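Written out below as structure tokens is the structure these notes cover.
The values are calculated or read from the model by the stated rules, or taken from the named source; none is laboratory data. These numbers were taken from a predicted model, which means no experiment stands behind them. Positions of Cβ are generated from backbone atoms using ideal geometry, with glycine treated the same way; all protein chains shown enter the neighbour counts.
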Amino acid sequence: MSAVTLQLSIIVGYLLIALAVGLVAYRLTDRTAEDFYLASRTLGTVVLLFTTFATLLSAFTFFAGPNIAYAQGPEWILVMGLMDGIIFAVLWYVIGYKQWLLGRQYGYVTLGEMLGDRFGSWWLRGLVAVVSLLWLFPYVMLQQVGAGTALEALTEGAVPYAAGAGLITAFMILYVVVAGMRGIAWTDTLQGAFMLVTTWVAVLWVLAAVGGPSAATEALASNPDTGGFLSLGGDYYTVQWMLSTAITIGFGVAMFPQVNQRFFAAGSKTVLKRSFALWPLLCVLLFVPSFMLGAWAAGLEVAVPEGANVLPLILAEYTPTWFAALVIAGAMAAMMSSSDSMLLSGSSYFTRDLFRPLLGVLGMVVSERREDLIARVGVVLFATAAFVVSLFQPATLFEIGNAAFSGFAQLAVPVLLALYWRRITRAGITAGILVSQAFYILSLFLTIVPDTYAGWSAGLVGMGLGLVVTVAVSLATSPAAAERRAIYFDRFGAD
Amino acid sequence: MRRNEVWGWLVVGLVLAGLAIPWFLWGSATVVAGLPVWLWWYVGWMGLASLVFWLFAQRAWGIGIESAGSDGDSSGSRGVGPESAHETGPGGDTP
């Protein structure tokens, strides 16, 4: 069997398994929006850990990460460690645990809902949803473009981009509408375990073929092009760049709707505790092998054509065809699974924070059963819109999608202040969100607003700006009458 | 008392974050057992972080978030403090 047929059959096989899992999950669901979006807040440790991980990092671990290590050296491992192993883990507690408690107590499903309730403001709730969708929508579009393009490359053009991306979108819609959060979390778990195993098999296989890590590293050191890779730091990896990247992405991750919403979905406090402690270990187990493979490939002089990914190429050179095919198919499945979760969360922001309040304004009341239906329709609309837009290849949206992590990071500071600082006011948080978002978006598109400041990224500077503005405006204003600070503080914790 | 503990854990968190990248090995290309020594540091440091997080989860979970007086029950039932707690609750007041 040729590699292409093999890869395609593995992809189709994965899709069928996913669909089967989705159907099982469907049979278990209550027909409520809370169950559809959050699996009724019942996820266990392993499922929560892997679904968060798979949602976040799957495609990056296989493709972009090793590519960077191949081109610039393996220091990305350290950036990832600080960002995900430490910063995100700490936020897992600081933001995640408090959100989980609030969600349990008041039944929140989205971040906007949680903030809107506390600040007594539909506007704020809508603003948080709009800002989130502004970054999420192009990011989902990028995933579709990625999967469609990969399928086109894999079949050497037999499946053109529009057909490939269209098929994937149709499948995702079907899957998300049927499976909901529970099904998505289950397939993510399968896929996370699969990734972990294949990455280690891959690295051991390649190392066995080239004579062990010492030989591979020696090749890296003795190659004049890559001799500098082993020393920590360099022209690309400056101190400012490493810190800016780790901090903005680490905070951004916590505000990404599909990650943030998982804070509400944990089954118990124990689940949160365990996943929290396991997080840094999981980072080591996944990033060290996959990124080192990328770096070693540079020393071994694996040639990577423009636009191609290094991991499939090094596997093709040192492992059997079927194994390389398995990893590539797994990576594509990973891409799809990230999109699944984003679709689900995106549609929840859209229906709960924008559409339903709008119906409310028009005087229509939505029953639980009806909301469940609207939620599923929301998924279809969101995915179809992202697909249709992707056909036009809009450059602006590409840029926004690529900057999504830093964009979300701008939300993190006002949200943290809202959770922990009693003096914050509605005017303060609104100003903080608006100003930091505006600043960051302008830094992307206007040359007048620089994108680095003495080596520090605009994303990080924007976070600082958000902090200053939120605090200053809060101190200068007094709480609006409708604000309910007690929800987060005094009354918090009392059943 | 509880407040000192919050500051203590905050410092622990900052140290964990501060040394996740071994700045003192900047420019070092020393290789030990086939991997750069800074990568070994990273592996060890993440192991340590995991251990510290586990200890935190065992001993101090809820600090800075739950109202004072609530115990660290891990039953997963509504894991928050008793009614009386909110008078004294400095809980969520840290930066």
Residues that are out of contact with any helix residue (DSSP H, G or I) (no Cβ under 8 Å at 6 or more places or on another chain) and surrounded by fewer than 18 Cβ atoms within 10 Å (Cβ to Cβ), drawn from the range A:227-240 = A:GLY228, A:ASP235, A:THR238, A:GLN240
So which residues in the range B:22-38 are at the interface with chain A (Cβ under 7 Å from one of its Cβ atoms), within 21 Å of A:LEU281 (Cβ to Cβ) and assigned to a helix (DSSP H, G or I)?
-> B:TRP38
Answer yes or no as to whether A:ALA308 is part of a helix (DSSP H, G or I), away from every other protein chain (no Cβ under 14 Å) and of a type outside the set (Ser, Thr, Tyr).
-> no
Within the range A:289-310, track down each residue that is over 19 Å from A:ALA215 (Cα atoms) and touching a Pro at 6+ places or on another chain (Cβ under 9 Å).
-> A:ASN309, A:VAL310
The range A:120-142 residues that are at positive phi, paired with ones that are surrounded by fewer than 24 Cβ atoms within 10 Å (Cβ to Cβ) (beta carbon under 7 Å, 6 or more apart) = A:GLY120/A:ALA480; A:GLY120/A:ALA482; A:GLY120/A:GLU483; A:GLY120/A:ARG484
Based on what the data block shows, is A:GLY227 at positive phi and small (Gly, Ala, Ser)?
-> no
Residue match in the range A:203-223 (condition: of a type in the set (Ser, Thr, Tyr) and either more than 14 Å from every other protein chain (Cβ to nearest Cβ) or assigned to a loop (DSSP other than H, G, I, E, B) (or both)) = no
Some residue of the range A:391-407 being more than 20 Å from the chain's Cα centre (by Cα) and crowded, with 20+ Cβ neighbours inside 10 Å = no
Could you please let me know if A:GLU306 is modelled with pLDDT of 85 or more and among the charged types (D, E, K, R)?
-> no
Flag for A:THR351 being assigned to a helix (DSSP H, G or I), among the hydroxyl-bearing types (Ser, Thr, Tyr) and closer than 22 Å to A:LEU127 by Cα | yes
Return the total of residues in the range B:12-43 being over 19 Å from A:ALA246 (Cα atoms) and loosely packed, with under 14 Cβ neighbours inside 10 Å.
-> 4
Can you confirm whether the range A:67-90 contains a residue that is among the β-branched types (Val, Ile, Thr) and either within 30 Å of A:SER367 (Cβ to Cβ) or touching a Pro at 6+ places or on another chain (Cβ under 6 Å) (or both)?
-> no
Grab the helices (runs of 4 or more DSSP H) fully contained in the range A:5-87, keeping just those with 3 or more residues being surrounded by 24 or more Cβ atoms within 10 Å (Cβ to Cβ) and under 17 Å from the mean Cα position of the chain (by Cα).
-> A:45-59
What do you reckon, is A:PHE382 closer than 30 Å to A:LEU243 by Cα and within 19 Å of the chain's Cα centre (by Cα)?
-> no
Pick from the range A:456-486, criterion closer than 12 Å to A:GLY428 by Cα and of a type outside the set (A, V, I, L, M), ranking: nearest to the chain's Cα centre (by Cα) | A:GLY466
Of the conditions (1) within 9 Å of chain B (Cβ to nearest Cβ); (2) in contact (Cβ under 8 Å) with a residue 24 or more places away in the chain; (3) of a type in the set (Val, Ile, Thr), the single one that A:VAL90 does not satisfy is (2)
Within the range A:261-280, the residues that are more than 19 Å from the chain's Cα centre (by Cα) and either of a type outside the set (Ser, Thr, Tyr) or under 23 Å from A:VAL79 (Cβ atoms) (or both) are A:GLY267, A:LYS269, A:VAL271, A:LYS273, A:ARG274, A:ALA277
Selection count, the range A:257-297, where residues are over 23 Å from B:PHE53 (Cα atoms) and either away from chain B (no Cβ under 14 Å) or outside any helix (DSSP H, G or I) (or both) = 3
Of the criteria (1) more than 30 Å from A:GLU371 (Cα to Cα); (2) assigned to a helix (DSSP H, G or I); (3) more than 11 Å from every other protein chain (Cβ to nearest Cβ), which one A:VAL253 fails | (1)
State which residue is surrounded by the most Cβ atoms within 10 Å (Cβ to Cβ) when the search covers only the range B:44-76 and only residues that are more than 8 Å from chain A (Cβ to nearest Cβ), closer than 23 Å to A:VAL271 by Cβ and modelled with pLDDT under 50.
-> B:GLY72
Subset of the range B:12-21 (residues that are over 15 Å from A:LEU91 (Cα atoms) and part of a helix (DSSP H, G or I)) = B:VAL15, B:GLY18
